[in-house]
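Shown next, in structure tokens, is the structure this report addresses.
The values are calculated or read from the model by the stated rules, or taken from the named source; none is laboratory data. This is a predicted model, so every value here is computed, not measured. All Cβ positions, glycine included, derive from the backbone under ideal geometry; neighbour counts span all protein chains shown. Side chains are part of the model used for accessible areas, which takes the heavy atoms of the whole protein and leaves out ligands, DNA and RNA. Shrake-Rupley method; radii C 1.70, N 1.55, O 1.52, S 1.80 Å.
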Amino acid sequence: MSQHMPERKERAATSEPAVFFARLRGESRQAKQGFARWSPPWHADRRAGARSDGAHLTADAPPRRSLSPAFPREEGGSTASTAARTTGPDSFPTGQNDTNNNRTQASGAQATLANAANAQAPKAAANHRRPFRTLLRTATLSALPLLALAAGANLDKRPGGDFTTDDQGREAYTRIAWEQVPAAQREAIANGRGLVRQTWVISPSVDPSIAGLGPTYNRPSCLSCHARNGRGEPPASADEPMRSMLVRLSIPGLDTHGGPRPEPVYGEQLNEIGVPGVPGEGEAYLQWQTQVERLADGTEVELRRPTVAFRKLAFGPLHADTLSSPRVAPAIFGLGLLEAVPEADILAIAEEQRREGRGVAGMPNRVWDVAQGRTVLGRFGWKANQPDLRQQVAGALAGDMGITSALFPEPNCPPAQSACAAWGADRHPELSAEALQDMTLYHYALMVPARRRTEAPEVQRGEQLFAAAGCASCHRPALRTGPFPPFPALAGQTIRPYTDLLLHDMGDGLADGRPDYLASGRQWRTPPLWGLGLLPVASEHGTLLHDGRARSPLEAILWHGGEASASREAVRAMAKAEREALLAFLASL
């Protein structure tokens, strides 16, 4: 959950860390090069405080200026549709999921394209710098199935299957697959959407259905952190508050269910705000350090790393052994499809990675399922610490807003916080079982943005390089959903999220040192990459990774360590044209 982007320090004319998705900014000259720098006037607007926690978060708020992408038509490519087939996200549209009528019959063409990609690989490798050529020669042999799968994905622009939207604008992450929703559930999903957008109020209230904020909390609504269902971002400096970011807290040891042991005074999460008469717990802030990485062709890339610190702590200092981890809010679209992937398939991927013995060994997390009262597979959260969307939603309501539910019926008041415990205006649980179900159904129904420019030669070349560098080992191009009784339309979908839903050791550079169930302090769940290319449009920033430290995909790649070290070094060794192709592919997702 979090906020503004800092100014970039320009180091050289060829520096690429702030380079990101030119086509999304409609800059035609720079679009031909595959990427461009962020618009300085847009930065100025944000530094001047143009973004607030209020009006801009609703789908109906007018944009300050158009941020819709403009993709130039070029040889070998096509212009993706930029028009949403709806009059607005608050209606029950009939044509939103129009991609159902335009499915690509790709089976034979996929094989042809895969064979062509494999045949061209030796010729393309000859043009590489020698360090990457050596890596490619080794990687191509083991990546042929992944190359074929990735090449085939080019012919199917529908990463969410029937849950794919052609919208490429500011509301791309908010679209609902109404055509897949039974008539009997439409009202429930519309109500769930309203609750996600709702600004909750402190009890007592004229409308008790939206009351219950606090006694301590971070933000008053889901969209305060997940603006337009997208990602949060970190504050640019120590003077800025965390608007869409939070800090997890724990001390060494396990709780009764094998999860993190809460900090004894402040609990599992720092809540900055309190209702009248209840003090907020304090403030967390970030301090940034920078370092410069040099690529094989001499290009310098500035990276930044945050250090979290605390001030105005209401109940004294944190425990001496406190483990803290700053986390930005992740995007919330497409999660129903990920819940519908069979557990057996996820475990099979982990076993496949182990057998291959290439240094990539994904591991499932096993977490506590409150409703079932047992340990199950974890899927959601930066460390896969939640088992399903219902518990993920209920946990966020309790931890971020203080809204209790059947899953988490007690207010978040550690024993030392007597005023919090004495707050008596609320009735528990504050969220009805029906309301929690409606919010869960809304998440199930959200669509995934379609890919763009998949026929462009540089995008297809970038996709081959992505697979050859080993990125597709963890960022799995395709998964298949299984039977899913809670929302049957999610079943039987071939999806392209670019994740394996497994934990991976990402090295010391990204480590937070804070275990979470089976996840170590160095492990993170592979984040999905679908919708990545629309991040600057839908979320109005380009920060990536769990704490938002990366300001571009290239920076994010250079932070990869541990199991991903070989892939990072393959990208570092690429020639400039190859990096541009790789970034063009990522921009197409």
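Express in whole angstrom the spacing between the alpha-carbon centres of the stretch 295-318 and the stretch 348-423.
For the stretch 295-318 versus the stretch 348-423, the Cα centre distance is 25 Å.
From the convex hull of the Cα coordinates of the stretch 159-285, what is the mean projected area in square nanometres?
Its average projected convex-hull area is 12.3 nm².
Using the C-alpha gyration tensor of the stretch 489-562, what are the square roots of 5 times its eigenvalues, in whole angstrom, with the largest one first?
23, 19, 10
At 0.36 nm per residue, and after removing the present C-alpha to C-alpha distance, how many nm does the segment from Ala575 to Ser237 gain when stretched out fully?
That works out to 118.3 nm of additional length.
Calculate the translational D of the stretch 300-411 in whole µm² s⁻¹ from Stokes-Einstein, where the hydrodynamic radius comes from the Kirkwood formula applied to all Cα pairs, the temperature is 25 °C and the viscosity 0.890 mPa s.
My calculation gives 142 µm²/s for D.
Test of understanding: express the Cα radius of gyration of the stretch 158-204 as a ratio to 2.2 N^0.38 Å, with N the residue count.
The value comes to 1.47.
Using the Cβ atoms and a cut-off under 15 Å, what net charge is assigned to the surroundings of Arg366, where Lys and Arg are +1 and Asp and Glu are -1?
Taking every other residue near Arg366 into account, the sum is -1.
In Å, the Kirkwood hydrodynamic radius of the stretch 186-229 over pairs of distinct alpha carbons?
11.2 Å
Test of understanding: what is the full-extension gain from Thr199 to Thr494, defined as 0.36 nm times their sequence separation minus their Cα-Cα distance?
Here the answer is 102.6 nm.
Let a ≥ b ≥ c be the square roots of the eigenvalues of the Cα gyration tensor of the stretch 289-345; is it rounded (a/c under 1.5), or, if not, prolate (a/b larger than b/c) or oblate?
oblate
Compute the signed sum of charges (Lys and Arg +1, Asp and Glu -1) over the other residues within less than 9 Å, Cβ to Cβ, of Tyr285.
It works out to a net charge of -2.
By its C-alpha gyration tensor, with a ≥ b ≥ c as the square roots of the eigenvalues, how is the stretch 422-507 shaped: rounded for a/c under 1.5, else prolate for a/b larger than b/c, else oblate?
prolate
How big is D, in µm² s⁻¹, for the stretch 242-332 by Stokes-Einstein at 10 °C and 1.306 mPa s if Rh is the Kirkwood radius over C-alpha pairs?
103 µm²/s
Let me test this: with uniform point scatterers at the alpha carbons of the stretch 341-467, what is the Debye-based log₁₀ I(q)/I(0) at q = 0.11, 0.15, 0.18 1/Å?
-0.62, -0.91, -1.08
Taking all protein chains in place and a 1.4 Å probe, what share, in percent, of the accessible surface of the stretch 251-402 do carbon and sulfur account for?
Result for the stretch 251-402: 52 percent of the exposed heavy-atom area is carbon or sulfur.
P(r) tail for the stretch 532-589, what percent of Cα pairs lie past 13 Å?
64 percent
What does the highest-first list of 271-282, 392-403, 462-473, 202-213 look like by mean Cβ count within 10 Å?
The densest-packed peptide leads the list: 462-473, 392-403, 271-282, 202-213.
Bins of 5 Å, beginning at zero and ending with the bin holding the largest distance: percent of Cα pairs per bin for the stretch 431-571, please.
Values per bin, smallest distances first: 2, 8, 13, 19, 19, 16, 13, 7, 2, 1, 0.
How large is the accessible surface per residue of the stretch 326-446, computed with a 1.4 Å probe and reported in Å² as a whole number?
36 Å²
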